[in-house]
Every structure is written in structure tokens, then in C-alpha cells.
Amino acid sequence: MRIRRTAGALIAAAVVAILAACSPAVSDDDPGSSSAATSSDAAPGKDATTVGVIAVGPKDDFGYNQAVYQGVEALRKNFPKIKVLDAYNIPEDDTAATTMESMIAQGATIIFATSYGHLDAAKQVAAEHPDVVVVHQGGLLDDPAPANMGSYFGSVYEPVYLAGIAAGAATKTGKLGYVYAIPIPQTLANINAFTLGAQSVRPDVEVTAVSTTSWCDPATQADRVQSLLGSGVDVVTQHQDCTKTIIEATEAAGAYTVGYHADASSLAPKGWLTGSEWNWGPLYSDIVKTAVAGDFTGSDYNANYRANMASGKNPFVASKFGPSVTDATKALIADAAKKIEGGGSPFTGPITAQDGTVKVEAGVTPPIETIEQMDYFVKGVTGTIS
């Protein structure tokens, strides 16, 4: 549900509109002109001098938040004249809104809210500050989105499907393990894509999916890994924000690991197969560039922007290969990647759910909007959605 603007925000917006209508036209060449003097300069985020970024976890988690930090560093490099405020370990509660408000008080007119659970706070802040661009990482907004808000993401399930091929080719037991946090649609799509990728090379593969109910709980992660390994799983992957514990525990057990969010190959020199990781720098930078130019409203980013491999702009990319991945497996992955880049999808039907229900008919390719509402496990996944 979209958050309504408060009465104060509406009155403020009305006053600004009246003042703008009553102000005389001023030439940009006039040395006394102000950037706020023309109606075009009222565009949210235009001429921003400060950008704010909030993240839900630490910037050195070998995972989701580390990738956000790397994107922040790219902003600092690409926009040396813009001040970038970044805050980490921001919970998915009222703290998110107050942190963004604090950044706005420090002059931020572009805000990135990067955790799934920051969405409601981002909507609230956007409604309170129509002059500030607020973009959310991975959320879905009503159509049309507010003029100063948007969401962005990549088709994460595509590289995850490719990583599944590596896992399916590597397993000796036919048992793969998937440690996930919370069963949101993006998580379910990743588990399913990984399974389908593995099944493309080994149809009888079984993927056991277990939840930690948290984006980052190292103790629970370690417990889940030991349980999976004890059941015969010999390849472990994950959808967690912090990935270090799972990768190190899997490596110590002599099993294979598939990474997620960031390059963590240094943690598993023997068992690393491949992974999927974010490269946020180009996308973050283009969003800022668009907003600073005054072109955010009506742009691709003023909506639910999604990039995929076919567009050549997917910010979620395949990781490097580990030493045990064979040339034959690399060739299979390259062939699958080429098909996806040509417009194919891991979810082109037939896709059958865990309970035998046909979810996607043969030959049908569901749009990303449908995939991002996925609420089931595919056949081959063991576990319950909880």
C-alpha cells in the first residue's frame, strides 16, 4: 500500500508551486539567478550535492552489504564533488526512516534504501520529501510510482541458474543444500533457478532448502550447514546477507560451495565452484547521474526498473570459477548464458511445482513481474516454505 503524504508535506508542496508560479522568469545567464528560480529546477534530486545510502548489515560481510559498500565506493570515485553519506547495520524498522531523515537534514537529496525490509520506510520518507529522490533496492512499487521514487534490481535468478549448472556437474551424491533467510519471492526464485540449473545436467538432483529466518545469524547458519552435510549434501549454497560462516564451514568439511552477493572465493580456495555477485557501481552511478540532471521523474528509474542479462546491464553477474570446475562444465554454462542473453529464461516452461502442479506451461516464458511474485518450490526441492 502506498503511504500518503502528510498534510504538512502537501501544504509545503502547494506553497512551493505557488511561489514558483508567481516568480518572474530569470535567465540562466543572469549572475543573480538561483537554481531554484525555474520550474525545471524543482525536479527531485536535481543538482544534488549529497547522496545518502543505508544498508541493513555490515559493510564487510562477504555478502549483500559488502556489495552495497562497493557500490558506494564507486559513487565516491565517479562523483568526487558529491558527498556520499553511508550507514550500515540499519534495522528494518523505524530506524531506517530516522536514518534517512538524518541524511536529508545533512543535505541529501538522493537516497538509496537497500534492504528489502526498508521499503515501507522509503515510501514514508519519499512522501514526506517530494524534492528528494528515494530509490529502493528490490522492492515493488504501485504503478505509477510517486514522481520522486523508484525501485531497481537485477534478474538475480539468471546467474544463480548458471551457478546451479556448476553445482549439478560437481555433486557426487546428487544432494545439494540451500541455506536461505526468509521466503520472499526473490529467495524462492533463486532456490528454484538453482535447482533447475542443476537439473539441466543431472535430472535426479535433490536440493534441500533450509531457512535461518534471518538475513544474518552466523550461529544458525553453522547449524544448518552441519545438518545439510550430515545428510549427504556435498554442495552448499545460500541466500543470506552475510556469507562467511556458511562458506568457511562448508570448506572445512571438504565440500563444494557456491557463493552469493559478493566474491568470497578467498574463503574457499579448494571447494569454491562459482557464485553470483552484485556489481552495483554502474547502476548506482547512472541513477545519480539521471537525478542530478533533473531527469529522474519519468525515467526508467522512476518505476520498477529491472535489468537482465539480455539487456547487457544486469548488475548481478556470475562469479569466477574455482579450480575444480572443468572445461566441459564451463562450456555448458557459457552455452546457457548465451541463450539467456538472447532472451531465454531459466523459467521457460514447463515448470512443475513441488506438489506436481504445472506452474508454467511448456514454451511459455513468464515476465519478471510474475517471477518476482513466486510463492512455490519447484519439483526437486525438499523442504517447506517457512
Amide H neighbours of LYS359 under 5 Å, at least 5 residues apart or on other chains, H built in the peptide plane: list them.
-> ILE351, THR352, ALA353
Contour excess over end-to-end distance, with Cα ends at ALA222 and LYS320 and 0.36 nm allotted per residue = 32.8 nm
Relative contact order [Cα under 8 Å, 6+ residues apart], the stretch 223-355, whole percent | 19 percent
Note down the relative contact order for the chain as a percent, whole number, built from C-alpha pairs under 8 angstrom at least six residues apart.
-> 19 percent
Considering the Cα trace of the chain, what is its radius of gyration and what is Dmax, both in angstroms?
-> 22.5, 76
Which angle between 0 and 90 degrees, to the nearest 10, do you get for helix 157-170 versus the longest principal axis of the chain when only C-alpha atoms count?
-> 20 degrees
Which residues qualify? For ALA293, with a placed amide H closer than 5 Å and at least 5 residues away or on another chain, they are ASP47
Indicate, rounded to the nearest 5 percent, the antiparallel portion of the DSSP beta bridges found entirely in the stretch 123-217.
-> 0 percent
For the stretch 319-386 versus the stretch 82-124, the gap between their alpha-carbon centres in whole angstrom = 34 Å
Semi-axes (Å, rounded, descending) of the ellipsoid equivalent to the stretch 341-386 per its C-alpha gyration tensor are 20, 12, 9
Vicinal HN-Hα couplings computed from phi for the stretch 113-125 (Karplus, 6.51 cos²θ - 1.76 cosθ + 1.60; Hz; Gly/Pro x) | 9, 9, 9, 3, x, 8, 4, 4, 5, 5, 4, 4, 5
Kindly provide the helix-only [θ] at 222 nm of the chain, computed as the sum of -39,500 (n - 2.57) over DSSP H runs of four or more divided by all residues, to the nearest 500 deg cm²/dmol?
-> -11000 deg cm²/dmol
In whole Hz, with x marking every Gly and Pro, tabulate ³J(HN,Hα) for the stretch 246-251 from phi via Karplus 6.51 cos²θ - 1.76 cosθ + 1.60, θ = phi - 60°.
-> 5, 5, 5, 5, 5, 4
Amide H contacts under 5 Å for VAL236, restricted to residues at least 5 apart in sequence or on another chain and with H modeled in the peptide plane, are GLY177, TYR256, THR257, VAL258
Please give the helix 94-105 orientation as an angle from the longest Cα principal axis of the chain, in degrees from 0 to 90, rounded to the nearest 10.
-> 40 degrees
Residue-ordered couplings for the stretch 202-216, obtained by feeding phi - 60° into the Karplus form 6.51 cos²θ - 1.76 cosθ + 1.60 and rounding to whole Hz (Gly and Pro as x), are 9, x, 8, 5, 10, 10, 8, 9, 10, 9, 9, 6, 8, 6, 7
Where does the charge balance sit around GLY259 when Lys and Arg score +1, Asp and Glu -1, over other residues with C-beta under 10 Å from its C-beta?
-> -1
In a GNM of the chain with a 10 Å cut-off on Cα contacts, which of ILE340, ILE247, ILE54 has the highest mean-square fluctuation?
-> ILE340
Among beta bridges that DSSP assigns inside the chain, antiparallel share in %, nearest 5 = 15 percent
Over the residues of the stretch 142-216, compute the C-alpha Rg and express it relative to 2.2 N^0.38 Å.
-> 1.36
Candidates ALA222, ALA291, ALA126, ranked by Gaussian network fluctuation over the chain, Cα under 10 Å, top entry = ALA222
Average projected area [Cα convex hull, the stretch 92-158], square nanometres | 4.5 nm²
Size of the stretch 278-341 as Cα extents on the principal axes (Å, biggest first) | 49, 22, 14
Among GLY197, GLY349, GLY164, which one shows the biggest mean-square fluctuation in a GNM of the chain, springs joining Cα atoms closer than 10 Å?
-> GLY349
Rounded tilt (10° steps) of 185-199 against the dominant C-alpha axis of the chain | 30 degrees
Stokes-Einstein diffusion coefficient of the stretch 224-363, Kirkwood radius over Cα pairs, 25 °C, 0.890 mPa s, in µm²/s | 137 µm²/s
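Only the coordinates and a few stated rules stand behind these numbers; no lab work does. Given the structure is predicted, the values throughout are model-derived calculations rather than measurements. Ideal geometry is used to build each Cβ from the backbone, glycine not excepted, and the neighbour counts take in all protein chains shown.
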